[in-house]
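The values are calculated or read from the model by the stated rules, or taken from the named source; none is laboratory data. Since this is a predicted model, take the numbers as computed values, not measurements. A quick note on method: Cβ atoms are made from the backbone with ideal geometry, for glycine too, and the neighbour counts reach across all protein chains shown.
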């Protein structure tokens, strides 16, 4: 059963973060809907995604199911349950009869890119809509691994095309070219882009809890990041037990552990009242309760601003 496990090892740093991000995407959609005034049980939404993924896998699908993004925008446009049903009916013949391939052969792929960019912007807008302003730095920093991953892919795809035109075929590109890139830290770019989807989650969570002064939670996320870095799932170009001298996985693991120790020290200082108490925000309220809490919070912030003026 596991005789060919080595063949999928290079892809684990992508598949595992993708699976986790898909699950978190469902949670994000549920939270986004709650902020728009509609409450849906998170457990039921994730259970439905899991069942859908299992059924799809029986028919050869390699894609995980997740809740449709953009609930607040669709609600503003008046879309309801029939919108999702209409989408399913529209895509059914496209997938069953292979019409997608025909359309892609007719429509230039570059014309599809703006749609993808628009979807990304919608996701970011929805995220910012439910994100407190104090978390904006964590949100923006969490996007950087994806930017690094895109940069790395652009460098490799662009340079490799030129490289193969001047050398003998079957020559290893990474060993002969990327090892000699100078002018900037390509090795650092590789580490920052390794497991980028999962890195985004860890970086955002750590800095979010650090901003909120919830140091124990930040320490837990740091320890989890250390575990993933040690096995190359983040901050590394490949998966494995990264303990060799030239590996960076163990270095990042040590760095994350040092962060965890620092957060524990801050937690001790907080309990001694040397550091402010953590920020409070209700996480499990109904949409009506959250709207009322948010209204009171905004009024309180406005009053504080007026007093400061």
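For residues that are at pLDDT below 70 and surrounded by 13 or more Cβ atoms within 10 Å (Cβ to Cβ), tally how many sit in region 160-193.
The total comes to 7.
Check 234, 216 and return the single one that is under 23 Å from the mean Cα position of the chain (by Cα) and either at pLDDT 95 or above or assigned to a helix (DSSP H, G or I) (or both). Don't jump to the end; show me each part of the working.
Values: 234 fails: either at pLDDT 95 or above or assigned to a helix (DSSP H, G or I) (or both).
None of the others qualify; the one that does is 216.
Which condition number does residue 244 fail, the rest of (1) under 22 Å from the mean Cα position of the chain (by Cα); (2) modelled with pLDDT of 75 or more being met?
The failed condition is (1).
Consider residue 67 carefully, then state whether it is touching a residue at least 40 places away in the same chain (Cβ under 8 Å) and under 25 Å from residue 205 (Cα atoms).
Numbers: touching a residue at least 40 places away in the same chain (Cβ under 8 Å): yes; under 25 Å from residue 205 (Cα atoms): yes.
Yes: the conditions hold for residue 67.
Select, from 19, 56, 79, 45, the only residue that is assigned to a helix (DSSP H, G or I) and surrounded by 15 or more Cβ atoms within 10 Å (Cβ to Cβ). It would help to see each step written out before you state the result.
Numbers: 19 fails: surrounded by 15 or more Cβ atoms within 10 Å (Cβ to Cβ); 56 fails: surrounded by 15 or more Cβ atoms within 10 Å (Cβ to Cβ); 79 fails: assigned to a helix (DSSP H, G or I).
Exactly one residue qualifies, and that residue is 45.
Would you confirm whether or not region 64-76 contains a residue that is under 29 Å from residue 229 (Cα atoms), modelled with pLDDT under 80 and either within 22 Å of the chain's Cα centre (by Cα) or buried (at least 17 other Cβ atoms within 10 Å of the Cβ) (or both)?
There is at least one residue in region 64-76 that is under 29 Å from residue 229 (Cα atoms), modelled with pLDDT under 80 and either within 22 Å of the chain's Cα centre (by Cα) or buried (at least 17 other Cβ atoms within 10 Å of the Cβ) (or both).
Select from region 94-132 the residues that are touching a helix residue (DSSP H, G or I) at 6+ places or on another chain (Cβ under 9 Å) and either exposed (fewer than 10 other Cβ atoms within 10 Å of the Cβ) or in a helix (DSSP H, G or I) (or both) and list them in ascending order.
Across region 94-132, the qualifying residues are 94, 99, 100, 103, 122, 123, 124, 125, 126, 127, 128, 129.
Out of the residues in region 134-154 that are surrounded by fewer than 16 Cβ atoms within 10 Å (Cβ to Cβ) and farther than 15 Å from residue 194 by Cα, state the one that is farthest from the chain's Cα centre (by Cα).
It comes out as 134.
From the list 252, 266, which residue is touching a residue at least 24 places away in the same chain (Cβ under 8 Å), under 18 Å from residue 190 (Cβ atoms), outside any loop (DSSP other than H, G, I, E, B) and in contact with a helix residue (DSSP H, G or I) (Cβ under 9 Å, 6 or more places away or on another chain)? Step through it out loud before you land on a result.
Working: 266 fails: under 18 Å from residue 190 (Cβ atoms).
None of the others qualify; the one that does is 252.
Being buried (at least 20 other Cβ atoms within 10 Å of the Cβ) and over 23 Å from residue 189 (Cβ atoms) is the filter; apply it to region 219-231 and report the residue that is nearest to the chain's Cα centre (by Cα).
221
Filtering region 269-309 down to residues that are part of a loop (DSSP other than H, G, I, E, B), over 14 Å from residue 132 (Cβ atoms) and at pLDDT below 75, which residue is nearest to the chain's Cα centre (by Cα)?
Filtering first and then ranking leaves 284.
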